[in-house]
Amino acid sequence: QVQLVESGGGLVQPGGSLRLSCAASGRIFSINRMGWYRQAPGKERELVAVISNVGRTNYADSVKGRFTISRDNAKNTVYLQMNSLKPEDTAVYYCNVNHLVRGENYWGQGTQVTVSS
């Protein structure tokens, strides 16, 4: 089993920054992809950014150039640095771990990010 503990969400003004962290514990396999998804009010959950165990990344077009995903494999932790935040970034952000070999997905409880003046 895998447990994901998220932190770093909160309220920030437009143009501000936040850094989300997600620490994974439990049965973590080395071949995996970690990342962040978000769900805004009235919208479907969408990919924000993901990063594989070898550092390959994928970003949503809407966050390219503003968000940076990174990970610390030794700590099984993934980060999302969010800069130049916009009101459209307001959502619940969910950490995700995908065990690529087994096709297993694990989700965090979600952390609220609110961008508002």
For this session: Please work out which residue is nearest to E46 (Cα to Cα), limiting yourself to the stretch 59-111 and to residues that are hydrophobic (A, V, I, L, M, F, W, C) and either part of a loop (DSSP other than H, G, I, E, B) or more than 11 Å from the chain's Cα centre (by Cα) (or both).
Result: A60
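Select from the stretch 42-54 the residues that are out of contact with any Ser or Thr (no Cβ under 8 Å at 6 or more places or on another chain) and open to solvent by 40 Å² or more (accessible area, probe 1.4 Å) and write down the one among them that is farthest from L18 (Cα to Cα).
Restricting attention to the stretch 42-54, the residues satisfying the condition of being out of contact with any Ser or Thr (no Cβ under 8 Å at 6 or more places or on another chain) are 42-48, 52, 54.
Adding the requirement that they be open to solvent by 40 Å² or more (accessible area, probe 1.4 Å) leaves 42-47, 54.
Working: G42: 23, K43: 22, E44: 22, R45: 20, E46: 19, L47: 18, V54: 25 Å.
The extreme case among them is V54.
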For this session: Select from the stretch 26-41 the residues that are among the basic types (K, R) and in a strand (DSSP E or B) and write down the one among them that is surrounded by the fewest Cβ atoms within 10 Å (Cβ to Cβ).
Result: R33
For this session: Output the qualifying pairs, or none if there are none: Cβ atoms under 6 angstrom, residues six or more apart or on different chains, first residue in the stretch 1-26 and free of Cβ contacts under 8 Å to residues at least 60 places away in the same chain, second residue of a type in the set (F, W, Y).
Result: S21/Y79
Seminar exercise, completed: Of the residues in the stretch 1-25 that are farther than 10 Å from V115 by Cα and of a type in the set (S, T, Y), the one that is least open to solvent (accessible area, probe 1.4 Å) is S21
Exercise. Which of the residues belonging to the stretch 89-110 are polar (S, T, N, Q) and either farther than 13 Å from C22 by Cβ or surrounded by 14 or more Cβ atoms within 10 Å (Cβ to Cβ) (or both)?
Worked result: T90, N96, N98, N105
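The values are calculated or read from the model by the stated rules, or taken from the named source; none is laboratory data. These figures come from a predicted structure and were not determined experimentally. Positions of Cβ are backbone-derived with ideal geometry, glycine not excepted, and every protein chain shown enters the neighbour counts. For accessibility, only protein heavy atoms count, side chains too; no ligands or nucleic acids. Shrake-Rupley method; radii C 1.70, N 1.55, O 1.52, S 1.80 Å.
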